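Take a look at the structure set out below.
We did not get these values from a lab; they are worked out from the coordinates using the rules stated. Predicted, not measured: the structure shown is a model, and the values here were computed from it. Neighbour counts run over all protein chains shown; Cβ positions are idealised from the backbone, glycine included.
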């Protein structure tokens, strides 16, 4: 997301990143590291720090992949990424009967809450992605920012491959 914000020439929202001095920044080109989920300590970012630590343990330490300071920076293509993954499968029916119905009830309840901004519906996990898929279907393709298209065309030229076909 930070790379896309930079490519589009747009600032980042609060709570995304820090600069090289450790201060929060909205400038994608000043990015030096991610803030934990929740942002800074004042906004309970320490909880996100705990979640991030859990991801490091499961995806880095446990998998034998790079972790923490050993992970290459996002624009350093000279090093192998060596990023680990962890998948955990849970059978919800092993806990209580009726998971699907109860989960649907919760999702429906949340979607029917009064929105903070009138006209902007309350969404649950998966709704933004489904909305984007619907948009792509209506448009007959994926909408890209002009700077993303320019970057892709430059990359295609560098790699000597056919650039993507653009429909107007």
Subject >> Cα gyration tensor shape of segment 80-140, rounded if a/c is under 1.5, else prolate or oblate by comparing a/b with b/c >> reply: oblate
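Given axes a ≥ b ≥ c from the Cα gyration tensor, I'd like to know whether segment 11-124 is rounded (a/c under 1.5), prolate (a/b larger than b/c) or oblate.
On the way: a/c = 2.56, a/b = 1.32, b/c = 1.93.
It is oblate, given that a/c is not under 1.5 and a/b is not larger than b/c.
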Subject >> Neighbour-count ranking [beta-carbon atoms within 10 angstrom, fewest first] of 25, 73 >> reply: 73, 25
**OP:** Pairs of Cα atoms under 8 Å, at least six residues apart: use those to get the relative contact order of segment 8-161, whole percent.
**Re:** 11
Subject >> Gaussian network model of the chain, Cα within-10 Å springs - most flexible of 131, 82, 26 >> reply: 131
Original post:
In what sequence do 67, 99, 77 fall when counting other Cβ within 10 Å, fewest first?
Top reply: 77, 99, 67
Subject >> Fewest-first ranking of 78, 24, using other Cβ atoms within 10 Å as the exposure measure >> reply: 78, 24
